[in-house]
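So the structure is just underneath, and the comments pick up after that.
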Amino acid sequence: MFSEATKTILISAIAGGMILTSCSGDKKAAESLHNQAIAAIEASDPAGALLLLDSLDHTYPAEVDIRRAAMPLRPKAIELQTLRDLEETDSLLAQTQVVIESMDNLVKFKKGPEGLDGYFVAASMPDGVPSQAEGIYPRMSPEGAFYIISSARKGTLSIALEVSAPGCGSVRTPDVPNDGERNDRTLGAELITFFPAESDSIGNFAFVNSDKEITLTFVGERGKRSTKLKPEQVSAMAQLYAASQVYTRARMLALRKNKLEQQLMLARSQQARTTPDSKD
């Protein structure tokens, strides 16, 4: 007589055998997916190959030998896709660089005070000192981020900016309360430095409406006060905003290229580890 423990083992073994028998067609189906993935790579279809390999892994997890044989295919497919993405990125980066070179005469770099980063200004507008003249001062960081500094005469108690044009509505920055730093009222004028995210709507409005008469409004704690922006001021802000979009695109493409190059190295390393050594 079999013990209960032995019976349990036998039942498990029989059940396992039944499962293997009932799933005997899985091996052929898994081999088919494997072969299709090989064909996809040979046809330069890395995306299709990766989909087939995912299907193989998810649908037939028990077909360990076939999945192991297919392991070198995944890094190979990733290598092919990465090379394609790198080629596209290099092309876009080259096109963007041409645009940057064509815009060199539209911007000029200004050194910042000691210990602070420099910035770009529009070449068509002399770079005034915000604390000495009321207005809006567009800037672009070395990384290509557009931002603005507003300068209102003392007593305005300004906390935000608004720009508008006839028939085009208006946009406004978020409020920046007086804190002695970003909103500083100690230098003979009320200066507010707006972060790039806070400045984008203003820059975009000037870019889209550069041919229109734009009104600048200082939003203060005691109300609003408006003034007309000179056409050259609008043009300068629009040009600098456009330049920032191109510089930012170039920076993002450069970061993408770096990431893809690292991905390519990793794919080739994985491919070397998973490909069996050939023997004569």
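The values are calculated or read from the model by the stated rules, or taken from the named source; none is laboratory data. Owing to the predicted nature of the structure, the values given are computational and were not obtained by experimental measurement. All Cβ positions, glycine included, derive from the backbone under ideal geometry; neighbour counts span all protein chains shown. Just so you know, the surface numbers come from the protein's heavy atoms only, side chains and all, with ligands and any DNA or RNA stripped out. Shrake-Rupley method; radii C 1.70, N 1.55, O 1.52, S 1.80 Å.
Side notes on the structure shown:
- For segment 232-246, taking the residues that are under 29 Å from GLY155 (Cβ atoms) and in contact with a helix residue (DSSP H, G or I) (Cβ under 6 Å, 6 or more places away or on another chain), the one that is surrounded by the most Cβ atoms within 10 Å (Cβ to Cβ) is identified as MET237.
- Test: residue in segment 245-265 that is in a helix (DSSP H, G or I), within 17 Å of SER151 (Cβ to Cβ) and among the charged types (D, E, K, R): no
- Pairing residues of segment 99-117 that are charged (D, E, K, R) with residues that are open to solvent by less than 80 Å² (accessible area, probe 1.4 Å) and in a loop (DSSP other than H, G, I, E, B), at Cβ distances under 6 Å and at least 6 apart in sequence or on separate chains, gives LYS108/ALA123; LYS110/GLY118; LYS110/ASP127; LYS111/GLY118.
- Qualifying residue in segment 219-231 (condition: under 27 Å from GLY144 (Cβ atoms), touching a residue at least 24 places away in the same chain (Cβ under 8 Å) and surrounded by fewer than 16 Cβ atoms within 10 Å (Cβ to Cβ)): no
- Among residues of segment 75-95, those that are of a type in the set (Lys, Arg) and open to solvent by 70 Å² or more (accessible area, probe 1.4 Å), counted: 1
- Strands (runs of 3 or more DSSP E) (entirely within segment 182-230) containing at least 1 residues that are over 32 Å from the mean Cα position of the chain (by Cα) and acidic (Asp, Glu): 189-194
- When segment 62-74 is limited to residues that are surrounded by 20 or more Cβ atoms within 10 Å (Cβ to Cβ) and not aliphatic (A, V, I, L, M), the one that is nearest to ASN258 (Cα to Cα) turns out to be ARG74.
- Verdict on THR186 being of a type outside the set (Phe, Trp, Tyr), out of contact with any Asp or Glu (no Cβ under 6 Å at 6 or more places or on another chain) and within 16 Å of ALA238 (Cβ to Cβ): no
- Where ASP211 falls short, out of the listed (1) free of Cβ contacts under 8 Å to residues at least 60 places away in the same chain; (2) surrounded by 13 or more Cβ atoms within 10 Å (Cβ to Cβ): (2)
- Close pairs from segment 130-151: first on the phi < 0 side of the Ramachandran plot, partner among the hydroxyl-bearing types (Ser, Thr, Tyr) and surrounded by fewer than 16 Cβ atoms within 10 Å (Cβ to Cβ), Cβ under 9 Å, at least 6 apart: GLU134/THR227; SER151/SER131
- Selection count, segment 109-168, where residues are of a type in the set (S, T, N, Q), open to solvent by less than 30 Å² (accessible area, probe 1.4 Å) and either in contact with a helix residue (DSSP H, G or I) (Cβ under 7 Å, 6 or more places away or on another chain) or part of a loop (DSSP other than H, G, I, E, B) (or both): 2
- ASN204 being open to solvent by less than 60 Å² (accessible area, probe 1.4 Å) and either of a type outside the set (Gly, Ala, Ser) or at pLDDT 95 or above (or both): no
- Output for segment 48-62, where each listed residue is in contact (Cβ under 8 Å) with a residue 24 or more places away in the chain, out of contact with any His (no Cβ under 9 Å at 6 or more places or on another chain) and under 15 Å from LYS28 (Cβ atoms): THR59, TYR60, ALA62
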